[in-house]
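The values are calculated or read from the model by the stated rules, or taken from the named source; none is laboratory data. Predicted, not measured: the structure shown is a model, and the values here were computed from it. Positions of Cβ are backbone-derived with ideal geometry, glycine not excepted, and every protein chain shown enters the neighbour counts. Please note that ligands, DNA and RNA were not included when accessible areas were found on the heavy atoms of the full protein model with its side chains. Shrake-Rupley method; radii C 1.70, N 1.55, O 1.52, S 1.80 Å.
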Amino acid sequence: MIRAAGLAWDIRKSEPYSSYEKFAFEVPTRTESDVYARYQVRVEEMRQSARIVKQALEGMPAGAWKADAPQVVLPDREKMKTQMEALIYHFKIVTEGFRVPAGEVYQVVESPRGEMGYYVVSDGTSKPYRVFIHGPSFGNLQGLPEMVEGRLVSDAIAALGSTDFVLGDVDR
């Protein structure tokens, strides 16, 4: 939504996470702020995503792709069936989880509809004390009245569809 209004904001560029700083990609923008501009931005975002995936596949190192942390990562299915220790770790992770240090954190990630924020408060146990999720759909939907004011019903339907909201996300 914001990129179709001319603002080249992408959390993967401004505050890189998960090694996004290693990938070359552009933040697509348009300045028209209309349905077609949002469509053009979405199509170009798909092209840029394919570009990122290609770079990730080309740069993927050989070897194991899972962390060697048996107290946190579920063991392979075959190991769980043949090794008692793996079965115990599997049981403990699934039934008890793992302890997270006490504290709080807010992390933002780039989602297909915009920024998705997670605020987690831990009291040091295996279950979070509080979890809040800030999805992009609510903010995107707030601009709809200005988009459709004075327009035809068919224009309102196109504007509504181009905001690409999820009602479960809005409701949250």
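Quick one: would you say GLU78 is open to solvent by 50 Å² or more (accessible area, probe 1.4 Å) and farther than 30 Å from ILE157 by Cα? When the stated conditions are applied, GLU78 passes them.
Within the range 22-48, the set of residues being in a helix (DSSP H, G or I), open to solvent by 90 Å² or more (accessible area, probe 1.4 Å) and free of Cβ contacts under 8 Å to residues at least 40 places away in the same chain comprises LYS22, TYR36, MET46, ARG47.
Criterion first (modelled with pLDDT under 90 and charged (D, E, K, R)) does GLU104 satisfy it? No, not satisfied. Residues in the range 1-21 that are within 17 Å of THR163 (Cα to Cα) and surrounded by fewer than 13 Cβ atoms within 10 Å (Cβ to Cβ): GLY6, LEU7.
The single condition among (1) touching a helix residue (DSSP H, G or I) at 6+ places or on another chain (Cβ under 6 Å); (2) open to solvent by less than 40 Å² (accessible area, probe 1.4 Å) that ILE93 does not satisfy is (1). Regarding the range 99-108, can at least one residue be identified that is hydrophobic (A, V, I, L, M, F, W, C), within 20 Å of TYR39 (Cα to Cα) and in contact (Cβ under 8 Å) with a residue 60 or more places away in the chain? Scanning the range 99-108 turns up no residue that is hydrophobic (A, V, I, L, M, F, W, C), within 20 Å of TYR39 (Cα to Cα) and in contact (Cβ under 8 Å) with a residue 60 or more places away in the chain. Scanning for something over 24 Å from the mean Cα position of the chain (by Cα), open to solvent by less than 90 Å² (accessible area, probe 1.4 Å) and in contact (Cβ under 8 Å) with a residue 12 or more places away in the chain, does the range 49-71 turn up at least one residue? Yes, that holds for at least one residue.
In summary, SER18 fulfils each of the numbered conditions (1) at pLDDT below 90; (2) closer than 30 Å to ARG130 by Cβ; (3) of a type in the set (Gly, Ala, Ser) with the single exception of condition (1). Within the range 49-104, the only residue that satisfies the criterion of being in a strand (DSSP E or B) and at positive phi is GLY103. Taking into account only those residues within the range 110-128 that are assigned to a loop (DSSP other than H, G, I, E, B) and out of contact with any Lys or Arg (no Cβ under 6 Å at 6 or more places or on another chain), which is most open to solvent (accessible area, probe 1.4 Å)? Among those that are assigned to a loop (DSSP other than H, G, I, E, B) and out of contact with any Lys or Arg (no Cβ under 6 Å at 6 or more places or on another chain), it is LYS127.
Condition check ((1) out of contact with any strand residue (DSSP E or B) (no Cβ under 9 Å at 6 or more places or on another chain); (2) under 18 Å from ASP10 (Cα atoms); (3) of a type in the set (S, T, N, Q)) across all residues:
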position: ARG113; (1), (2), (3): yes, yes, no
position: TYR118; (1), (2), (3): no, yes, no
position: PRO128; (1), (2), (3): no, no, no
position: PRO136; (1), (2), (3): no, yes, no
position: GLY161; (1), (2), (3): yes, no, no
position: ASP164; (1), (2), (3): yes, yes, no
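Note on the range 129-172: residues that are outside any helix (DSSP H, G or I) and open to solvent by 50 Å² or more (accessible area, probe 1.4 Å) amount to 13.
In this structure, is ILE52 closer than 30 Å to GLY161 by Cβ and of a type in the set (A, V, I, L, M, F, W, C)?
Criteria met by ILE52.
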